[in-house]
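Enquirer: Just passing along the structure, written as structure tokens.
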Amino acid sequence: MLIGALFVAFFLSILLTPFVGKLAFKLGATDKPNERKVHVKIMPRMGGLAIFLSFLITLLIFTDDLLGQLPLIVGAIVIILIGVLDDIYELRAAPKFLGQILAALIIVLWGGLEVEFINLPFFTDTLEFGIFSIPITILWIVSIINAINLIDGLDGLAGGVSTIALVTIATMALIKGDLFVATIALIVIGSTLGFLKYNFHPAKIFMGDTGALFLGYIIAVLSLLGFKNVTMISLIVPIIILGVPISDTFFAIIRRVVNKQPISAADKSHLHHCLLNLGFTHKQTVILIYALAACFGLAAIIFSFATLWGALILVAGILVLIEILVEKIGLVGSDYQPLLKMLNFKNKS
């Protein structure tokens, strides 16, 4: 059943994407070139609608509990509506943000998705979130939605990175015997892979905010379904799985603070921009980031089976490697090299 769902979603996406592309042109959901973007001609966006429709149709075919999955579906519909409106009319940040919060509230309040507590390492007591459990869960969902949206800057980048994260989530769900999470993840994987046939460089269509917001929403929800109310160490697993978009978003915030810019300001200094500036081609940059995302996914799987001390050492190593990469490629800025300067100083000593 799982493989069947994946293939049905895949072929549906391949069939639906060209029609969505034509619809995007008719509705004016197009992406025009500018100084921040790397494409040079007008492109249809809103391609994420094909991903969503493939997901929804496949889910309806294979689900045995449609009523139980309504909160997930309704939340996704809200996200899709916000994405479609943004792809057509280029909404301001406030209505987009409110739409994301509404989608998160639906899955949290109606769907019962809530991180209520964690067990801290080295302590016998649990840390209860109490009244903060709902805000913390909503913050996670909205943050991941925007993290996926921020990396959607090159052909096939957001779709590929999302697919790798979903493969990791599906693998861990299967290991744990969680067929619900595995099924949803595999359906979205199939839908996204079918879309990537048209979206990989040179792209014929962009997923737009419709796709990026939907993928972020699904990944955020599935990652919490698999790891809520667990130990602090286990809670780090979804953060590692999403290491690429989370790191890019985190250092984008740092970069804007350092440069005294608004946090919401757009720039051309994200991970993919930095790699392009180093001389990598469009396709090479995307494949490099895929490889990095796959490394994070593998690290998450290893991490979940590691002992407590092994997990802590692995996290420390990942953080050091991320910092070195950030400083090497200038993700925060060309002058931001505290660790490299310190290591260089020690070498000279």
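The values are calculated or read from the model by the stated rules, or taken from the named source; none is laboratory data. Because the structure is a prediction, the values reported are computed rather than measured. Counting neighbours? That spans all protein chains shown, and the Cβs are built from the backbone with ideal geometry, glycine included. Please note that ligands, DNA and RNA were not included when accessible areas were found on the heavy atoms of the full protein model with its side chains. Shrake-Rupley method; radii C 1.70, N 1.55, O 1.52, S 1.80 Å.
Enquirer: Identify, from the list G28, G99, G47, the residue that is on the phi > 0 side of the Ramachandran plot and among the small types (G, A, S).
Expert: Sole residue among the options that is on the phi > 0 side of the Ramachandran plot and among the small types (G, A, S): G28.
Enquirer: Still on this structure, please answer the following. Six or more apart or on different chains, Cβ under 6 Å: which pairs go from a residue in segment 43-59 that's within 19 Å of I3 (Cα to Cα) and part of a helix (DSSP H, G or I) to one that's among the polar types (S, T, N, Q) and open to solvent by less than 10 Å² (accessible area, probe 1.4 Å)? Could you list them?
Expert: Once the first residue is within 19 Å of I3 (Cα to Cα) and part of a helix (DSSP H, G or I) and sits in segment 43-59, its partners that are among the polar types (S, T, N, Q) and open to solvent by less than 10 Å² (accessible area, probe 1.4 Å) give I51/S191; I51/T192; S54/S13; S54/S191; F55/S191.
Enquirer: Let me ask something else. Answer with yes or no whether V115 is under 20 Å from I241 (Cβ atoms) and in a loop (DSSP other than H, G, I, E, B).
Expert: yes
Enquirer: Something else about it: What tally of residues in segment 318-332 results from selecting those that are open to solvent by 30 Å² or more (accessible area, probe 1.4 Å) and over 21 Å from the mean Cα position of the chain (by Cα)?
Expert: Here the count works out to 3.
Enquirer: Among the residues of segment 294-349 satisfying the criterion of being without any contact (Cβ under 8 Å) to a residue 40 or more places away in the chain and in contact with a Leu (Cβ under 8 Å, 6 or more places away or on another chain), which is farthest from P245 (Cα to Cα)?
Expert: Only one residue fits best here, namely A306.
Enquirer: Okay, moving on. So I136 passes all but one of these: (1) open to solvent by 50 Å² or more (accessible area, probe 1.4 Å); (2) closer than 17 Å to H272 by Cβ. Which condition number does it fail?
Expert: All conditions are met except number (2).
Enquirer: Can you tell me which residue in segment 157-184 is modelled with the lowest pLDDT, limited to those that are open to solvent by less than 10 Å² (accessible area, probe 1.4 Å) and over 13 Å from the mean Cα position of the chain (by Cα)?
Expert: A173
Enquirer: Still on this structure: In segment 31-39, is there at least one residue being acidic (D, E) and either part of a loop (DSSP other than H, G, I, E, B) or over 26 Å from L12 (Cα atoms) (or both)?
Expert: yes
Enquirer: Got a number for residues in segment 87-112 being part of a helix (DSSP H, G or I) and closer than 14 Å to Y217 by Cβ?
Expert: Qualifying residue count for the region: 12.
Every residue, every condition in (1) open to solvent by 70 Å² or more (accessible area, probe 1.4 Å); (2) more than 21 Å from the chain's Cα centre (by Cα), yes or no:
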site: F10; (1), (2): no, no
site: K22; (1), (2): yes, yes
site: P33; (1), (2): no, yes
site: M43; (1), (2): no, yes
site: S54; (1), (2): no, no
site: L70; (1), (2): no, yes
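Enquirer: On to the next question. I'm trying to understand the selection: among the residues of segment 300-313, which are open to solvent by 50 Å² or more (accessible area, probe 1.4 Å) and modelled with pLDDT of 80 or more?
Expert: Once the filter is applied, which keeps residues that are open to solvent by 50 Å² or more (accessible area, probe 1.4 Å) and modelled with pLDDT of 80 or more, segment 300-313 yields I302, I313.
Enquirer: Does segment 225-239 contain at least one residue that is part of a helix (DSSP H, G or I), within 19 Å of V142 (Cβ to Cβ), under 13 Å from the mean Cα position of the chain (by Cα) and at pLDDT below 95?
Expert: yes
Enquirer: What helices (runs of 4 or more DSSP H), lying completely within segment 241-349, carry at least 3 residues that are closer than 20 Å to G159 by Cβ?
Expert: Those helices (runs of 4 or more DSSP H) span 243-258, 271-277, 282-305.
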